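To start, the structure itself, in structure tokens.
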Amino acid sequence: MKKWIIAILILIFIALIIMYFYQQRTSAPSSPETAAPILPAGPGAPLLAGNDEIIEHSYYTLAYNEQHEQADWVFYKLEAEYLQVKSNERKDNFREDPFVSTGSAALKDYKGSGYDRGHLLPAADMSWSEAALSETFFMSNMSPQAPSFNRGIWKKLETQVRDWALQHDDLYVVTGPVLQQGLATIGENAVSVPPFYYKVILDYNPPEYKGIGFVMANEKLIGDLGTYAVTIDSVEVLTGMDFFYSLPDDFEAQVESSIDLVLWNLSE
């Protein structure tokens, strides 16, 4: 065989090898650093703080703080399909929570105090089921709220959260008081009266994952809800809690570090 033919065959062989490795490199899967994070099915409850006792009810979870005789947080998933069910009538069957090992606050603690038994998990969020509704009246789900606050802007916020759930299919909600040492108390069990309350909402539906927080003083407030909107990060700084710690760090930072009032229909 002539040398020039051999040379051509060698060049063709080399060209085929180069093409093969080029295709392998360009079709290789993305490296772990650039791949989209794999998200869990749900965010899970907040990180347990201090000596709180975790109480698992049928449709919500709470962290009971014995020192202050109320929950540090209540966590639940609010689903549109349940909100669309015909509501059950509330029976206001306030009662002690038998699942709190140290004993929860009692109904008599609030009597004559001037404070409402303020729901952390709103009764209206669970009115789709008689059993679920009844569980919202455990005293472990109550916190002393000024009547003008509980029946005013706090109620307005609760209604807005239900509207958001109907718009976005479902939301994850964390609600609680801002507790500290030296607070005024009510009743024989010394239930602390919080100066502030917070609510944190996570829309965990792709592609527009987003979060928002609210902090409100326990008093009569005026103004739009957007006035009290803050980042989830800022609520964590205020409370010392880590709400969605089970999510990938980068994703958690993204939804907790900023808010867009336009996406929540709160802009003027």
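All of the numbers you see were taken from the coordinates with simple rules; none came from a lab. A quick note: this is a predicted structure, and the numbers were derived from the prediction, not measured. Counting neighbours? That spans all protein chains shown, and the Cβs are built from the backbone with ideal geometry, glycine included.
May I ask you to list, by number, the DSSP H helices of the chain whose Cα span along the axis is at least 24 Å and whose average Kyte-Doolittle hydropathy reaches -1.0 or more?
Both cut-offs are met by 3-26.
Once Rh for segment 40-151 is found with the Kirkwood sum over Cα pairs, what is the Stokes-Einstein diffusion coefficient at 10 °C and 1.306 mPa s, in µm²/s? Write down the numbers at each step before the final one.
On the way: Rh = 14.7 Å.
So the translational diffusion coefficient is about 108 µm²/s.
Once C-alpha pairs closer than 8 Å and six or more residues apart are averaged by separation and normalised to the residue number of the chain, the relative contact order reads 19 percent.
For the residue pairs Lys86/Lys210; Lys91/Lys199; Lys111/Lys220; Lys77/Lys220; Lys77/Lys199; Lys156/Lys199, the C-alpha atoms sit more than 19 angstrom apart in Lys86/Lys210; Lys91/Lys199; Lys111/Lys220; Lys77/Lys220. On the principal axes of its alpha-carbon atoms, the chain has extents of 110, 40, 34 Å, going from largest to smallest.
Within 10 Å, at most 10 other Cβ atoms, and a DSSP state outside H, G, I, E, B define an exposed site. Report the longest part of the chain free of exposed trypsin sites (Lys or Arg not before Pro). In short, 112-268.
Within the chain, antiparallel bridges make up roughly 95 percent of the DSSP beta bridges whose residues both belong there. Taken as Cα centroids, segment 36-95 and segment 99-144 sit 12 Å apart, rounded to the nearest whole angstrom.
The mean sequence distance of close C-alpha pairs (under 8 Å, at least 6 residues apart), as a share of the length of segment 183-248, puts its relative contact order at 23 percent.
Relative to the Cα centre, what is the charge dipole magnitude of the chain, using +1 at the beta carbon of each Lys and Arg, -1 at the beta carbon of each Asp and Glu, and rounding to the nearest 20 debye?
On the way: 18 positive and 36 negative charges, 171 e Å.
It works out to roughly 820 debye.
Along each principal axis, taking the top coordinate minus the bottom one, the Cα set of segment 174-268 gives 50, 34, 18 Å in descending order.
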